[in-house]
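Since the structure comes first, as structure tokens, the remarks are kept for the end.
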Amino acid sequence: MKFFLKGFLLGVLLLGPVAARATALDDAYLVERDQLIDKYAALDKAGKVDDKVTASEAVALADLQKKLEAIVDLKPIQGFASDPKLNFDTLFKTDEGFGALDALVYSAEKGKATITVTSTALLQHWLVQHAHWWEQLDNIPQSLDAALRSEAFYTQAISADAAVNVYGTIAIKVPAGDHAVALLAARSQDMGPRIPDEILATIVGEKLTFVISLPADGVKSIPQCDKIWNATQQKLAALGDSKDENAGDRSIQVREDGDKVYRACFAKNLGAAPFAASLTRQVQAVIDLLPQH
């Protein structure tokens, strides 16, 4: 309990003016979740994971979902299903996707859009826990604005099997009293140029937090950024012809650097792109559907 209180106080400092106080339901959820994680970690370590244990995990996950539904208590959102699914599907620390955001996912009745919903108090707690989640990798910044603009946040929170790469900020109208960020993004498992195809927007209210994901329609290539990647390809070709025994390692670095510069170029030029206004309209239409929170 001492650890939880410490994390909660840090969360208040992190979120500042939109900080939310944890309710009894939030506290009860976290206590049960952590007890279950410890239980399955012990079984895993002892090599006692079998069909019976797997079945009990499914029951535990269903119970956690019910608790989250009571916490969120969400009114229907036009165009989205009223029956959510849990944002995570494992309680085992060794499984891919462990540690995703404690949230519910509501899918669009048509199309691929989703709205992931949690309480702002649970978001606070989650952000503090994930300050050092990965070893020797970039982690989530501990200021709200920086966190919601970071690739690490979206990768850890909602994308278990692919890294989220950000290609720039989309202009939106922020609901009164909320903190909101909208980004153009793409998910990938390797490096390389790609046209971003997803809009990610997070709206943090006093009680609830929403993470919107929807397809980014109408995004086109930005010519000046293509030039950057073509230059990277020329460097890679030269290294491919090299007899230097370190050429392989150097190629990886060149690809990483080229990908980073390419995405930075896209972000710099996104606001002036002919499709920028369309992106704003797409995401604002979903933001405007959200209930008061």
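Values in this text are rule-based calculations from the coordinates and carry no lab data. These numbers were taken from a predicted model, which means no experiment stands behind them. No Cβ is skipped: glycine too gets one built from the backbone with ideal geometry, and neighbour counts run over all protein chains shown.
Entry note, the stretch 223-272: relative contact order of 50 percent, from Cα contacts under 8 Å with a spacing of 6+ residues.
A Förster radius of 30 Å combined with the Cβ-Cβ distance from ARG194 to GLN292 puts the calculated FRET efficiency at roughly 0.20. Under conditions of 37 °C and 0.692 mPa s, the stretch 223-272 yields 285 µm² s⁻¹ as its translational diffusion coefficient, taking Rh as the Kirkwood radius over Cα pairs in the Stokes-Einstein equation. Spatially, the stretch 222-272 and the stretch 27-94 are offset by 42 Å when compared through their Cα centroids. Among THR232, THR155, THR118, the largest mean-square fluctuation in a Gaussian network model of the chain, built with springs joining Cα atoms closer than 10 Å, belongs to THR232. Net charge of the neighbourhood of VAL164, taken over other residues with C-beta under 14 Å away and scored Lys/Arg +1, Asp/Glu -1, is -3. Among 201-213, 259-271, the peptide with the highest mean count of other Cβ atoms within 10 Å heads the list, and the full ranking is 201-213, 259-271. Which of ASP145, ASP27, ASP51 moves the most in a Gaussian network model of the chain with Cα springs under 10 Å? Among ASP145, ASP27, ASP51, the largest GNM mean-square fluctuation belongs to ASP51. Within the chain, the selection of entire DSSP H helices by a Cα span of 24 Å or greater along the long axis and an average Kyte-Doolittle value of at least 0.0 returns 51-72. Normalised size of the chain, defined as Cα radius of gyration per 2.2 N^0.38 Å with N residues, equals 1.10. Shown is the FRET efficiency for ASP257 and ALA55, computed with R0 = 41 Å from the Cβ-Cβ distance and rounded to the nearest 0.05: 0.30.
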